[in-house]
Each structure stands twice: as structure tokens, then as C-alpha cells.
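First comes the structure, then the notes that go with it.
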Amino acid sequence: MISMNIGGFMKLHRLGVGLLGVSLAFFGSIAPAQAAGTLTIWVNTGDADAYKAASSDWAAKNNVTLNIIAKCGLGDCGMSKLGPAGAGPDLFFATHDNTGALVKSGVVTSLSSTINKTLYPTAVLQGVTSNYQQYAIPISVANIALATNLSLVPAGAPKTWKELESTATSLITSGKASVGIVTHLDGYFLQPFFDSLGGFIFANKNGSYTNTKQVGLYSKALAKNASLMDQWLAEKLFDKSNTYDGSAFSNGKAPYAIVGPWSIDGLDKAGIKYEISGIPSVNGGTARSFSGVTSLYMNRFAKNKLLAKQYLTEVVQTTAFSKSISISTNSYPANIEAAAAIDKKSVIAKFGAYGAVCLPMPNVAEMGQVWTYWNNAFADWASGKAKFGAAMQSAANDLTTALAKG
């Protein structure tokens, strides 16, 4: 009786082992097929080659065709219209200030279950968070900074605003410079000066914009200090031509310029000696530029969501990928380990060091309206249509009215 039981058990055991072997052979043979497929990813203009190179090994190993297309720039990559129409990619790039609008329009999927939060600083995570959910994988952190032309200013970057202003005005008076600071006159590029004078967009608490009803484009502090912007424009501290042309700096006709990581190649090719630093505040200390997190979002209407999440987990969130993208695009990585590996003396590290004290750009849906009224006010001021205070007061009133209408 016992022998019969043992025999029966052995038969069942052999049958189970046989089935297990068949199962392993079967599933083993289809594993590559599960990973295989096509992913379409839209990245920023000029970055396609960098992302292809950083993703090629994984794509080859998993038999995945990656269609990486340089199609994004400012804004939401057109996804608010293209996504619902089925014309969008699986993944796309955008800066974190678009998060609120993307969530509101319903074109992105939460990635809270995909992102490894331990890989990123808290401020970076806040940028891609809306309603306590993370909607993107952070790639890089970018901010503007001050470039000092060492041919005109051998002493190097200014430590104080007084030093910057006196150096610039002295060079302009002597005819050695035509303008003090080369920069575009809009909200993004002039944010550090706006911040120094007491202006703000929305109330900010610990990096979070909790009250979009409290508009600070014409705060009490800004109203008090607004005439300084008029003075600086008259002194040619800022360039009234208001273009993105940085040739005055590279040609040695301006001691300072407001630049971003995207400016580095041009500066290096120009062959000038320069130094990157933070921007001194009028009130002492350091003025706060906006910091922006370039991130990968998933289209809610994506055709290959599982494969997209696999790519985000196995490729995008690795230190190796972050390092590769940082080197190729002159960007400061959002990934903590990749950032720690950067040479502290490098230009990108100096952008990152200043970025640590910068203000995360608001990621609320209302930012679309902010840029319209705020930038129009800067344009009116730069063109001479209005004094700075009057332009900002009008923008604040118009924005408040627009926000009230929803």
C-alpha cells in the first residue's frame, strides 16, 4: 500500500516536473516577444541623438524599436490636442511647469507606481507632482545663471549687486561696453531681478504654490522698488533691443549675460573666457532664478504603456542613463547619484550649484495665463510703452480677473 502511494507520488512528481519544464520552455521562448515592440518618444529639439545613444543597448537587448524624434520645445509639445486625437507618442518631454495643465487636460498618466522617489531630490519631485501623484520621470534640472566675460572683468563674477552695477555702468561710460547685461526681457530671464525687488507670481510655501489667487506681480514690495527697473533700463544695464541675440557678450561688448546650459556650446565656440555664477540680489545674497525640471511624461492615450513603463524603469531611471544625457546635452542631472558624480569645477556643476538656491517654476495649470500677461507687461516696459510699475500693475489686475473667470 505504501509502495503504491510512493509510486503514485513519483508519477505525479514526474508529471509536475515535466509540466514545469514545458512551462519554462514556453514562457522563456516568448519573454523577448513580450519586451519586443515599438516605442515612440518625442524629445527636445537637438536632443534626439543623445537619447538614442543612451537607449540603444536596452533597445537591442529587448528587440525594441525606438522612434525618438526631436519634436518638443516650449509648452506641452502640443499634447493637449494631439493626445486625444491619437496622434501623439507613447512618451514625451516637457518642463515641469506644464504638469498642472497636462493633468487638467487629462492627457497624462500617473507614474507614481513607476518612479523611484529615492533617486531624486524633494524639490525635483515636487515639480512633477500634482494632487499627490507623480506624473513624470525627472531627467535634468535647468536654470539660467550669470556669465561674466573675463576679458572685460578680469576680477571675475561679481559678489554683490553693487559690484555688478558699478562695473557695468563704468564699462558703458568708458565706451568699452554697449550694454551691461545681455538678456531677453521677459518673465523667465528677468525673474531673478523681479524676485530681488519683491515681486512674485503666486504665494509659495516650501516650494509649493498653494494659493493661485494671491498674485504678486505688483506686490507692495515690487511697487516700492519698481522704479529701479526703469533706472537700469535707462542706464543700459539691460538691452532695449530685447532679442535673444547674445553677440554683444561673445563679441566683448557686454560684461555680463544671462545664460542657460543651452548657451555653453555657443560660448565655447566663440572662444571667449567666461565664468558661470549665481546672480547677486539687490538686497544682498543671491537672487533666485526659476529652476525647471525637464521630464518624461506618459501619454494617457499611448499605444504601448507597459513597454513605456519598462523603458522608464530599466533605462531612464538608471544612473548610467542620467550621466550619458548630462554629458551629451550639457545638462545637470535630476538623478542624485549622477549629479554627485559631476566634476564640481565644471560649468554644469556651477549651474547646478546656483540651481540649488533657485525657485522651482510654478507647475500649476494657471501658468499659461501668467506667461501671457506677465510677458506682455515686460514687452510694454522694454518698448517704452509703460513704466515698469504701471506695466506690472496692469498685468496683475488683468491676471487676477482672468483667474477669477476660470
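Couple of notes before you dig in:
- Spin-label pair Ser227-Ser383: with each label point 7 Å from Cα along the Cα-Cβ axis, the two points sit 2.6 nm from one another.
- Using alpha-carbon coordinates, inclination of helix 367-383 to the longest axis of the chain, degrees: 20
- Listed peptides 187-194, 127-134 by packing density, highest first (mean Cβ within 10 Å): 187-194, 127-134
- Two-site label geometry, Glu235 and Ser151: point separation in nm, points 7 Å out along Cα→Cβ: 2.5
- At an R0 of 25 angstrom, the distance between the Cβ atoms of Thr45 and Ala270 translates into a FRET efficiency of 0.75.
- Amide hydrogen neighbours beyond the local backbone of Tyr274, cut-off 5 Å, H modeled: Leu150
- Dipole orientation for the chain: of the candidates Leu197, Leu171, Val316, Val316 has the Cα lying most toward the positive pole (charges on Cβ; Lys, Arg +1; Asp, Glu -1).
- On Cα atoms only, tilt of 388-405 relative to the major axis of the chain in degrees: 40
- Chain lengthening between Ile327 and Thr38 when straightened (0.36 nm per residue, less Cα-Cα): 101.4 nm
- Within the chain, Cys358 have no other Cys Cβ under 4.7 Å of their Cβ and so lack a disulfide-compatible partner by this rule.
- For Thr40, the residues 5 or more places off, or on other chains, whose built amide H falls under 5 Å of its own are Asn67, Asp90, Leu91.
- On Cα atoms only, tilt of 161-173 relative to the major axis of the chain in degrees: 60
- Taking amide H as placed 1.01 Å from N in the peptide plane, Ser140 has its amide H under 5 Å from the amide H of Thr294, Ala334, each at least 5 places away in sequence or on another chain.
- Relative protection proxy for 385-392, 57-64, from highest mean packing down: 385-392, 57-64 (other beta-carbon atoms within 10 angstrom).
- Semi-axes of the equivalent ellipsoid of the range 293-406 are 37, 23, 10 Å, computed as sqrt(5λ) over the eigenvalues of the C-alpha gyration tensor in descending order.
- Too-long pairs where the Cα-Cα distance tops 18 Å, listed order kept, from Lys159/Lys224; Lys240/Lys387; Lys176/Lys236: Lys159/Lys224
- Computed lengthening from Ser247 to Thr286, 0.36 nm per intervening residue step minus Cα-Cα distance: 11.4 nm
- Taken one residue at a time, the phi angles of the range 306-319 give Karplus couplings (6.51, -1.76, 1.60, θ = phi - 60°) of 5, 5, 4, 5, 5, 5, 5, 7, 8, 10, 4, 8, 8, 5 Hz. Gly and Pro are set to x.
- Using the average count of surrounding beta-carbon atoms within 10 Å as a protection proxy, the listed peptides 80-87, 249-256 rank, highest first, as 249-256, 80-87.
- Point-to-point label distance, Lys220-Asp57, nm (Cα→Cβ direction, 7 Å offset): 5.9
- Extension gain, Thr313-Lys162: 0.36 nm per intervening residue step, less the Cα-Cα distance, totals 49.5 nm.
- A Förster radius of 56 Å combined with the Cβ-Cβ distance from Lys303 to Thr173 puts the calculated FRET efficiency at roughly 0.35.
- Relative contact order computed over the range 39-192 (Cα-Cα under 8 Å; 6+ residues apart), in percent: 15
Here, each number is a calculation from the coordinates, and none is a lab measurement. Values in this document were obtained by computation on a predicted structure and should not be read as measured data. For neighbour counting, all protein chains shown are included, and Cβ atoms are generated from backbone atoms with ideal geometry for every residue, glycine included.
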